[in-house]
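The values are calculated or read from the model by the stated rules, or taken from the named source; none is laboratory data. Keep in mind that what you see is a predicted model, and the values were worked out from it rather than measured. In this analysis, Cβ positions are derived from the backbone assuming ideal geometry, glycine residues included, and neighbour counts consider all displayed protein chains. SASA here: full protein model, heavy atoms, side chains in, ligands and nucleic acids out. Shrake-Rupley method; radii C 1.70, N 1.55, O 1.52, S 1.80 Å.
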Amino acid sequence: MSVSDHSQLKHRIAEAIRSVIGPGDAQLHGPKFGGNEWIYLKECLDSTYVSSVGSYVTKFEECLADYTGAQFAVATVSGTAALHVALLSAGVKFGDEVLIPSLTFVATANAVSYINAVPHFIEVEEGGFGVDCELLEEYLEKNTFIQNDECINKHTNKVIRALIAMHVFGRMGDVDRIVEIAEKFKLILIEDAAESLGSTYKNQHAGTFGKLGILSFNGNKIITTGGGGAVLTDDGELARKVRHLSTTAKLPHRWAYIHDQVGYNYRMPNINAALGCAQLEQIDFFISEKKRLFVAYKNALKNIPELYLLEDSKDCKSNHWLQALMLKEEVAHLRDDLLDLLNSQGISSRPIWTLMHKLEPFKNCPRMDLKISESIEGRCINIPSGVGVI
Ligand SMILES: *Cc1c(COP(=O)(O)O)cnc(C)c1O
C-alpha cells in the first residue's frame with residue numbers, strides 16, 4: 001500500500017465512524033443520567049445520610065445481587081478496592097503468585113501487588129481476548145506441580161494461589177474451561193468483571209462464575225456511581241469477610257471501637273449508592289443502546305477489509321461496553337496515525353492498555369509467552385461507545 005492509500009484508508013475509517021455518530025465531539029465513554037438520579041440523590045441529601053450508613057447502600061447491594069443472580073453483593077469505594085478485599089478474603093497471601101492476563105487495566109495488577117503477592121502474566125486468545133485456556137493448561141502442566149492441594153511454580157517455588165479472569169470490554173472467554181482449569185490446578189478463581197456488568201455466558205451473569213467476582217462503577221463504566229465497585233459471591237462466609245475488611249474490621253457493638261484485624265475504609269458511601277440505584281434501573285436500556293451502536297458501527301465499517309470490529313465470543317452475550325476496532329496485521333503500523341486523526345476530529349479514541357509486563361512496576365514478574373497479547377496491543381483501537389453517541 002502506498003502512502004496515499006494509507007492516508008485514504010485513515011480518512012475512510014474516520015468517515016465511517018462519523019457516519020454513525022454524526023457531527024460534533026464524541027467522548028470515548030460518557031455517563032448518561034436519564035432516570036431517577038436526581039430524585040434519589042435529593043432523597044439522600046434530605047436524609048443527611050450521605051456517608052456509608054444509609055439505606056441506599058443496602059438497597060444497591062440487594063439490586064446488584066438480584067440483577068446478577070449472585071447470592072451476595074458488597075459495595076465498595078472502587079473496583080480496585082473490591083479486587084483488593086476479594087483477594088484478601090480469598091486467602092491470597094504475601095509472596096503468593098496470582099495468574100492474571102497481561103492484557104488488562106492496571107488495577108488488576110495493582111490489587112495483587114497491594115498484598116505483596118506477585119502478578120504472573122498469562123496469554124489471551126485472539127478472538128475474544130479471554131484467557132487462552134489451551135495455552136494456559138499446557139503452561140501449567142509444564143511449569144507447576146501440585147503439592148498439598150496447592151499449585152507450586154517449579155521455577156520460583158511459590159504457591160500460585162489464584163487466577164483472575166478479566167472479561168475485556170464486556171466480552172467473556174471460554175468460561176467453562178477457565179473454571180475447569182482453576183479446579184484442576186487448585187487455583188481460586190476470581191473474575192475481574194469490572195467492565196462486564198450485564199454480560200452473560202450461557203445466560204449466567206459475569207462475576208458469578210468464580211469464588212468471587214468484582215464490578216466497577218467508575219464514571220466510564222456501563223453504569224456509574226461516580227466512583228465505586230462491588231464484590232459478588234455465593235459464599236456467605238466470604239461475603240462476611242469482604243464486608244468486615246471493607247468496614248475497618250470493626251466488630252458490631254453499640255458504642256465501642258473494637259477492630260479485630262487491620263481493615264480498610266472501603267465501604268461505598270450512600271450518596272454514590274443512590275446514584276447506583278438509579279443507574280441500575282436503566283441497565284437494560286443501556287445495553288440495548290450499546291448493541292444498537294455496535295450494529296451501526298459494524299454496518300458502517302463492513303466495506304473496509306483492513307479492519308474488523310470485535311465480536312461477541314461464543315456462548316457470550318456481551319454488554320458491548322467499549323467498541324473495539326481491530327486493524328489487521330498488515331495495517332497495524334497505522335494505529336497511532338489513525339488515533340491522531342480521529343482525536344483531531346473530535347472522535348475520542350484510545351489504544352488498548354499498555355500490557356502489564358511492559359510497565360516498570362511489573363516488568364520482572366513471571367509470565368508466559370505473550371505474542372497474542374502483544375499483537376492485540378498493537379492493533380486495537382477503542383472508538384466512542386457511550387450511550388447517546390447515536
Ligand atoms: C475499571 C476497571 C477496574 C477497577 O477500576 P476502578 O476505577 O478502581 O473502579 C478493574 N479492572 C478493570 C479491567 C477495569 O476496567
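Before moving on, here are some points about what is shown:
- Taking segment 19-37 as the range and being part of a helix (DSSP H, G or I), of a type outside the set (A, V, I, L, M) and either without any contact (Cβ under 8 Å) to a residue 24 or more places away in the chain or crowded, with 18+ Cβ neighbours inside 10 Å (or both) as the test, only 37 passes.
- For segment 196-221, a residue qualifies if it is within 16 Å of the ligand (Cβ to nearest atom) and open to solvent by less than 10 Å² (accessible area, probe 1.4 Å), and the qualifying residues are 196, 197, 199, 206, 207, 212, 213, 214, 215, 217.
- Residues satisfying the stated conditions in segment 90-112, i.e. near the ligand (Cβ under 9 Å from one of its atoms), under 19 Å from residue 350 (Cβ atoms) and among the hydrophobic types (A, V, I, L, M, F, W, C): 105, 106, 107
- Test result for residue 146, among the β-branched types (Val, Ile, Thr), part of a helix (DSSP H, G or I) and surrounded by fewer than 22 Cβ atoms within 10 Å (Cβ to Cβ): no
- Among the conditions (1) touching a helix residue (DSSP H, G or I) at 6+ places or on another chain (Cβ under 8 Å); (2) more than 14 Å from residue 164 (Cα to Cα); (3) part of a loop (DSSP other than H, G, I, E, B), residue 271 misses just one, which is (3).
- Single residue of segment 120-140 satisfying the filter (open to solvent by less than 40 Å² (accessible area, probe 1.4 Å) and over 12 Å from residue 368 (Cβ atoms)) that is nearest to the ligand (Cβ to nearest atom): 129
- Residues of segment 192-214 that turn out to be within 24 Å of residue 323 (Cβ to Cβ), in contact with a Ser or Thr (Cβ under 8 Å, 6 or more places away or on another chain) and outside any loop (DSSP other than H, G, I, E, B), as a count: 3
- Residue within segment 141-161 that is touching a Leu at 6+ places or on another chain (Cβ under 9 Å) and either more than 18 Å from residue 98 (Cα to Cα) or within 16 Å of the ligand (Cβ to nearest atom) (or both) present: no
- Considering 163, 238, 232, 189, the condition of being part of a helix (DSSP H, G or I), of a type in the set (A, V, I, L, M) and farther than 26 Å from residue 309 by Cα is satisfied by 238 alone.
- Picking from residues in segment 222-251 that are more than 14 Å from the chain's Cα centre (by Cα) and polar (S, T, N, Q), the one that is nearest to the ligand (Cβ to nearest atom) is 225.
- The number of residues in segment 61-78 that are open to solvent by 20 Å² or more (accessible area, probe 1.4 Å) and either away from the ligand (no atom under 16 Å from the Cβ) or in contact with a Lys or Arg (Cβ under 6 Å, 6 or more places away or on another chain) (or both) comes to 7.
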